[in-house]
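The values are calculated or read from the model by the stated rules, or taken from the named source; none is laboratory data. Because the structure is a prediction, the values reported are computed rather than measured. All Cβ positions, glycine included, derive from the backbone under ideal geometry; neighbour counts span all protein chains shown. Keep in mind that these areas ignore ligands, DNA and RNA; they rest on the heavy atoms of the full protein, side chains included. Shrake-Rupley method; radii C 1.70, N 1.55, O 1.52, S 1.80 Å.
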Amino acid sequence: MVGEKINKGIAKAIKQMETLSGVMSVSMAVENLMLYAHARGWGTSCMTGPLVAADEIKKILKIPSSWNIAAVVPVGHPGEIPPPTPRRPVQQVITWVDADWQDVKDAVTVKE
Ligand SMILES: Cc1cc2nc3c(=O)[nH]c(=O)nc-3n(C[C@H](O)[C@H](O)[C@H](O)COP(=O)(O)O)c2cc1C
């Protein structure tokens, strides 16, 4: 999308937008894949640790070297169904801000 004729600043901004768009798209696709698998009773795990060996993974799976691997998501029949992971209350993990980015947590009521 970036032609030689545009200035470097805009080219850099467009490149960053393209990269972030790619990461966002893949992240949402992975989440949808994991939700669908869960609905089918399959187990999954989103894994980025294996990316330290991305070049080897590309060779084994014959993935073109020009491609970036964002995550490895094994899908399979779960050997066990663990209890759901306890989650912290929403108010502990979300910061609510107003138009001036001031914390307005106390003004927001969340039904858990
Ligand atoms: C971006 C991301 C990368 C992850 N990478 C790994 C990984 O490399 N290896 C692994 O065993 N789990 C990985 N996980 C899974 C997390 O360990 C798991 O989500 C976390 O333990 C919380 O478990 P829960 O999702 O069941 O609450 C990753 C999760 C995310 C969101």
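Peptides 57-65, 36-44, 83-91 ranked from most to least packed by the mean count of surrounding Cβ atoms within 10 Å: 36-44, 57-65, 83-91.
So what does log10 I(q)/I(0) come out to for the range 54-112 at q = 0.14 Å⁻¹, using the Debye formula with one equal point on every Cα and no solvent? At q = 0.14 Å⁻¹ the computed log10 ratios are -0.75.
Provide the per residue accessible area, probe 1.4 Å, for the chain, rounded to a whole number of square angstrom.
Working: 9760 Å² over 112 residues.
Per-residue accessible area for the chain comes out at 87 Å².
With the simple spin-label model, which puts each label point 7 Å out from Cα in the Cβ direction, the SER65 to THR48 separation comes to 2.5 nm. Take the alpha carbon gyration tensor of the chain, find the square roots of its eigenvalues, order them as a ≥ b ≥ c, and report rounded if a/c is under 1.5; if not, report prolate when a/b exceeds b/c, else oblate. Oblate, since a/c reaches 1.5 and b/c is not below a/b.
Taking 23 Å as the straight-line reach from the Cα of LYS5, the lysines in range (excluding those fewer than 8 positions away in the same chain) are LYS15. Within the accessible surface of the chain, defined with a 1.4 Å probe on protein heavy atoms only, the carbon and sulfur portion equals 61 percent. Computed from backbone phi with θ = phi - 60° and the Karplus coefficients 6.51, -1.76 and 1.60, the 3J(HN,Hα) list for the range 75-92 is 10, x, 7, x, x, 8, 10, x, x, x, 5, x, 10, 6, x, 3, 4, 7 Hz; x is used for glycine and proline. Couplings 3J(HN,Hα) for the range 51-58, derived from phi with the Karplus relation 6.51 cos²θ - 1.76 cosθ + 1.60 (θ = phi - 60°), are 5, 5, 10, 4, 4, 5, 4, 4 Hz, where x marks Gly and Pro. Computed 3J(HN,Hα) for the range 93-99, one whole-Hz value per residue from the Karplus formula 6.51 cos²θ - 1.76 cosθ + 1.60 where θ = phi - 60°, is 10, 10, 10, 8, 10, 8, 4, glycine and proline marked x.
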